[in-house]
1. In nanometres, what is the gap between the two model label sites at E67 and R292, each 7 Å from Cα along Cα-to-Cβ?
2. If R₀ is 60 angstrom, what is the calculated FRET efficiency for the pair R261 and Q30, using the beta carbon separation as r and rounding to 0.05?
3. Quote the FRET efficiency, to the nearest 0.05, computed for R153 versus T516 with a Förster distance R0 of 35 Å and r equal to the Cβ-Cβ distance.
4. Taking the Cα centre of each part, how many Å lie between region 112-158 and region 468-532?
5. Gap in Å between the Cα centre of region 218-248 and the Cα centre of region 289-320?
6. With labels modelled as points extended 7 Å from the Cα through the Cβ direction, what inter-label distance (nm, one decimal) is found for K301 paired with R86?
7. Under the rule a/c < 1.5 gives rounded, and otherwise a/b versus b/c splits prolate from oblate, where does region 58-141 land using the Cα gyration tensor?
8. Which one of M191, C171, G150 has its Cα pushed farthest toward the positive end of the charge dipole of region 146-222, where Lys and Arg give +1 and Asp and Glu give -1 at the Cβ?
Amino acid sequence: MKRLAPLLATAGLLATALPALVASPASAAQTPEYLRQKPAWHRCSPDRPAEYECATLKVPLDYQRPEGRTLDVAISRMKSENPAKRRGVLLLNPGGPGTSGLSRPIRANADMPKDVRDRYDLVGFDPRGVGESSPISCGDLSAAETGEGGAYRPETFASDVAWARGIADKCREKSGDVIPYITTRNTARDMDVIRAALGERTVSYLGYSYGTYLGTVYAQMFPERTDRFVLDSGIDPQRVWRGMIQVQGTGAEPAFERWTRWAAERSDTYGLGATPEAVSATFWALVARADREPIDHYGQKMTGDDIRADPSLYFDPHAASVVIKGIKASGEKAPQPPVNPAPSGTAPGTSGKDAGKKGSVARSPLGGGRAAAPGVDAAGASEAPDATPASNATAAHWAVVCGDADNWPRDPDQYAREAAQDKIKHPLYGDFASNIKPCAFWQRPLEPATPMKTRFDVLTVQNEWDPMTPLSSGQGMHQALKGSRMVLASGGVGHGVYLSTPTACANTPVNAYLSTGRLPAKDVTCHNPPPAPDPEGAGAR
């Protein structure tokens with residue numbers, strides 16, 4: 001493993017030791033060129049607001065060799081319209097890894113209340129390797145190769161290994177000279193270049209999902225550069241990154257149990273069972289039935305693995321009930337037209353002929369996903385221009401997930417053993433989560449993961465029923481960050497809390513913090529108003 005370069009060549013230490021605003025020719029001579037550049041702002045696009053400006057910065061590919069090869073980092077901004085109230089800049093990240101964030105200022109500008117909006121220039125950016133920031137590629141990938149992998153079965157594990165090895169080989173062949181440097185730590189260093197280019201001593205930050213980890217790493221590397229930080233839908237830094245995939249297996253179980261209770265209370269509507277135990281039995285009988293003979297569900301052959309393949313469905317009891325009712329009817333050879341199909345996403349098995357194959361549900365457990373809130377993009381969603389390689393999101397995703405921490409097993413047999421165990425312990429999704437991934441064949445990270453040692457004031461925000469970063473993950477982030485406060489939306493459903501709806505209960509404490517800089521005196525639990533009854537009269541979710 002490479003060690004960091006000597007003190008004055010270390011990007012993080014340089015940025016914290018040298019002022020952003022150069023005070024003398026002597027200090028200017030000591031400041032690296034990449035920290036002295038100024039953005040050349042221009043209108044981003046004729047079809048976007050005139051006040052939405054874009055620019056491109058140059059950053060070192062390798063901060064240990066700052067005079068070497070560079071990458072582009074595309075940035076954007078919408079300035080505060082009230083200079084008298086302006087405090088500074090608010091950097092925005094929507095999640096990922098692998099998601100563009102360049103247009104984030106437009107959305108934040110529309111959603112934020114004026115009292116908050118006046119205080120900041122809103123600044124978006126595409127992380128290195130993504131979108132307009134020197135995008136990387138893994139070449140041509142099939143639909144199966146863009147997913148997270150499939151269920152564990154002993155008879156197909158050899159093909160699972162080939163799938164994982166094949167993706168790693170393709171990424172290495174296409175972008176192997178850049179991929180090792182597409183990491184969260186380097187993206188945090190790029191954020192500090194953005195800070196310096198904007199002439200700011202500190203930055204405020206709003207990050208969702210993966211963006212919470214990025215913001216945390218920045219604050220640990222550049223603690224003197226942090227101002228007001230909001231981390232929404234937290235990544236547990238102790239689980240980076242295999243554990244964050246596996247938490248989908250453990251986190252789905254409480255949601256599944258909650259769904260069985262919900263469906264049982266509405267057995268007259270959905271016919272899945274009058275008790276939670278009966279609903280569960282109906283579900284697992286359906287999985288077993290589909291494993292014996294795939295169910296033809298409106299032209300799609302669905303296996304039991306397809307029914308289990310998207311655990312986020314079961315965080316939305318209404319959607320899960322509608323979907324499972326429909327699949328059950330198809331299995332009974334009495335298909336029914338969809339009734340108010342899953343409002344928060346697509347039913348399992350929508351990949352058609354690819355259903356049951358590795359990656360048949362192309363989704364990332366680390367950001368975006370079902371019912372993504374404003375500011376949080378669905379996995380694989382891209383705001384990047386058409387010139388961006390089709391495999392860019394996949395390439396950037398695995399580059400970060402595999403390159404941030406050296407804790408991925410290298411022995412395929414270990415994945416097989418753990419996936420088999422987790423299929424028993426967490427039957428809904430445990431084997432999907434623990435099955436082999438391309439990281440088993442990735443190169444070793446160039447530097448270790450970031451330790452969580454430095455105390456800093458930060459506001460974390462979490463929905464109780466978040467399918468992508470479950471409650472245990474958000475609590476893990478809160479516990480790891482000394483000095484943090486948490487706003488928990490009790491009963492909150494979905495990924496992304498702040499500004500998810502105009503009435504989201506977390507909006508008030510977050511707005512107050514961004515406006516005043518004062519954290520709540522203690523953790524806050526608020527209660528979201530119940531959703532309107534669904535059209536079938538099945539009651540509130």
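Every read-out reported here was derived from the displayed coordinates using simple, explicitly stated rules and does not represent laboratory data. Just so we're clear, the structure is a prediction, and the values are computed from it rather than from any experiment. Heads up, the Cβs are rebuilt from the backbone with ideal geometry, glycines too, and the neighbour counts pull from every protein chain shown.
1. For E67 paired with R292, the spin-label model returns 7.3 nm.
2. 0.40
3. Once rounded, the FRET efficiency stands at 0.05.
4. Going from one Cα centre to the other spans 24 Å.
5. 33 Å
6. Distance between the two pseudo-spin positions: 6.2 nm.
7. oblate
8. Towards the positive end, the residue furthest out is M191.
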